[in-house]
Amino acid sequence: MGRPILFSTMEKTPVIKDKHILLGVSGGIAAYKACTVASHLTQMGAEVDVVMTEAATRFVGPLTFQALTGRAAYTDMWRAPGAGLPTHIAHIGLAHAADLLLIAPATANTMAKLAHGLADNLLSTLALAAACPLLLVPAMDLGMWAHPATQANVELLRQRGVHFAGPARGRMASGLEGEGRMIEPEEIVGHVRQVMGLEGPMAGWRVVVTAGPTREPLDPVRFLSNPSSGRQGFALAQAAVDRGAAVTLVAGPVDLPAPVGAERVTVTTADEMKAAVLAACERADLLLMATAVADYRPAQVAPHKIKKGAEEMSLQMVRTPDILSAVAGQRAESGFPRCVAGFAAETQDLLPNARAKLAAKGLDIIVANDVTRHDAGFGAATNRVVIVDRDGSAKELPLLSKPAVADAILDHLLQAPYLGPRTNRAKDK
Ligand code: CTP
């Protein structure tokens, strides 16, 4: 088996790849974390132009950003290496070309300038000239964040449609604890994906994704479950956020961070998952059911730890509810969800089994994978799947990372004729 790829791996992804991101860095100790953000976004395929305030250069050098992004960092409004025009004129084009202006860290001073339209350095000038979305990641001392002047500026900027990520509570450079700490680079990248995806092809859609295993308790300290890692489901949730959907992620017990922007509902048993999925699907456009649901549970849950006794013991098991069949019943009455995708984990007869499940559970597509392969299915970082449509056609995807499989599944669904005309449903609400 190859080196494990973590879910947070910054691989190229359509919502970021080839996009032009202006990363503004203002002067605070959190500027060192902006280096990681620049690196992640570059690895994900973005063109990242860094614009530093004079104060930011006291904390990190422009060369650091240049090395990470492969592009010279801008620091001076009046001088640009090799440019005939002053930077603020030569590079006002930067602001016009940008898909996103991300300012991390955004200090109280920089936010005050933005709130009041000052243009006294290159970053504030570009912010005034830019028409793209603006995402601010505040970082400052707790007293500065709580100050009414800062809070009024935040409110003003929010009203103007500016996006905020954080700040978090935690330890400050001053040694004090409180709210004002910049959020971590991986979370910042999550906010970038969410903001960049807002106008995506699933804008206005409600998407429900299920992920991970379920656990069926036997006694207070034991349970029956399976090795589902939840990675494929979490990647689907991220891919839906990337396309602008409002995502509910119903997850069994897995140790993965939910994508920024997805509402996480944590469940344990199949019964709990059924209730959560039916509630979430009430007005959903799409259900992606990637959970490995336990098919049986112990008939009795012992109130206390079962003590060992005889050499042998047998367990009586009863069936858990089939959640997709319950969803099909709800859909027959209400019409929601508009589209349902199931997953089939098989160890033999992949396509016949998958087609039988598609028909039995009333699905629009089923994504089938052979879980006997070491590079696909449970726990693997990669997956090799076949997408089977309700018209019987089958599309085999090559071995891909789980995020890439998720992108391919959603792009396939977006082309599906049975989803009907894609109006922007946000306007209907
Ligand atoms: N599923 C479900 N409720 C269950 C079991 C499975 O909704 N109680 C869903 C899974 O989340 C998946 C699809 O049904 O999307 C197929 O799951 P799978 O485990 O492959 O099939 P089963 O229906 O459990 O059939 P079998 O175990 O006999 O292969």
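When the criteria are applied in full, E333 fails the requirement of being in a strand (DSSP E or B), free of Cβ contacts under 8 Å to residues at least 24 places away in the same chain and more than 12 Å from the ligand (Cβ to nearest atom).
Restricting attention to segment 302-329, which residues are within 16 Å of the ligand (Cβ to nearest atom) and surrounded by fewer than 17 Cβ atoms within 10 Å (Cβ to Cβ)? Steps first, please.
Within segment 302-329, the subset within 16 Å of the ligand (Cβ to nearest atom) is 317-329.
Result: M317, V318, R319, P321, D322, S325, A326, A328, G329.
Quick check on my filter: what residues within segment 290-301 are away from the ligand (no atom under 15 Å from the Cβ) and aliphatic (A, V, I, L, M)? The answer is A299, V301. So, of the residues in segment 391-405 that are part of a loop (DSSP other than H, G, I, E, B) and either in contact with a helix residue (DSSP H, G or I) (Cβ under 6 Å, 6 or more places away or on another chain) or of a type in the set (D, E) (or both), which turns out to be most open to solvent (accessible area, probe 1.4 Å)? So the residue we want is D391. Applying the condition of being open to solvent by less than 20 Å² (accessible area, probe 1.4 Å) and not in a loop (DSSP other than H, G, I, E, B) to segment 131-151 and asking which residue is farthest from G180 (Cα to Cα) yields L135.
Looking at segment 382-390, can you tell me whether even one residue there is more than 11 Å from the ligand (Cβ to nearest atom), in contact (Cβ under 8 Å) with a residue 60 or more places away in the chain and open to solvent by less than 40 Å² (accessible area, probe 1.4 Å)? Yes, some residue in segment 382-390 is more than 11 Å from the ligand (Cβ to nearest atom), in contact (Cβ under 8 Å) with a residue 60 or more places away in the chain and open to solvent by less than 40 Å² (accessible area, probe 1.4 Å).
Whether any residue in segment 240-261 is under 25 Å from A38 (Cβ atoms), in the same structural domain as M289 (by TED's automatic domain parsing) and not in a loop (DSSP other than H, G, I, E, B) is what I want to check. Among the residues of segment 240-261, at least one is under 25 Å from A38 (Cβ atoms), in the same structural domain as M289 (by TED's automatic domain parsing) and not in a loop (DSSP other than H, G, I, E, B), which makes the answer yes. Answer with yes or no whether D370 is more than 10 Å from the ligand (Cβ to nearest atom), open to solvent by less than 30 Å² (accessible area, probe 1.4 Å), of a type in the set (D, E) and in contact (Cβ under 8 Å) with a residue 24 or more places away in the chain. In short, no. The requirement of being of a type in the set (V, I, T), open to solvent by less than 10 Å² (accessible area, probe 1.4 Å) and under 30 Å from I29 (Cβ atoms) is satisfied by V192. Here is the figure for segment 263-274: residues that are surrounded by 16 or more Cβ atoms within 10 Å (Cβ to Cβ) and either within 15 Å of the ligand (Cβ to nearest atom) or on the phi > 0 side of the Ramachandran plot (or both) total 7.
All conditions in (1) closer than 21 Å to D295 by Cα; (2) modelled with pLDDT of 95 or more; (3) among the acidic types (D, E) hold for D407, with the sole exception of (1).
Criterion first (without any contact (Cβ under 8 Å) to a residue 60 or more places away in the chain, open to solvent by 50 Å² or more (accessible area, probe 1.4 Å) and not in a loop (DSSP other than H, G, I, E, B)) does L128 satisfy it? Yes, satisfied.
Kindly establish whether A354 is open to solvent by less than 60 Å² (accessible area, probe 1.4 Å) and either within 16 Å of the ligand (Cβ to nearest atom) or in a loop (DSSP other than H, G, I, E, B) (or both). So A354 fits the description; yes.
Suppose the filter is surrounded by 14 or more Cβ atoms within 10 Å (Cβ to Cβ), under 30 Å from D391 (Cβ atoms) and more than 13 Å from the ligand (Cβ to nearest atom); does R338 pass it? Write out each step before concluding.
Numbers: surrounded by 14 or more Cβ atoms within 10 Å (Cβ to Cβ): yes; under 30 Å from D391 (Cβ atoms): yes; more than 13 Å from the ligand (Cβ to nearest atom): yes.
Spelling it out, R338 is indeed surrounded by 14 or more Cβ atoms within 10 Å (Cβ to Cβ), under 30 Å from D391 (Cβ atoms) and more than 13 Å from the ligand (Cβ to nearest atom).
One residue stands out among those in segment 195-218 that are in contact with a Pro (Cβ under 8 Å, 6 or more places away or on another chain) and surrounded by fewer than 22 Cβ atoms within 10 Å (Cβ to Cβ): the one that is farthest from T150 (Cα to Cα), which is L218.
The values are calculated or read from the model by the stated rules, or taken from the named source; none is laboratory data. From a predicted model like this one, the values you see are computed outputs, not experimental measurements. Note that each Cβ is placed from the backbone with ideal geometry, even for glycine, and that neighbours are counted across all protein chains shown. Side chains are part of the model used for accessible areas, which takes the heavy atoms of the whole protein and leaves out ligands, DNA and RNA. Shrake-Rupley method; radii C 1.70, N 1.55, O 1.52, S 1.80 Å.
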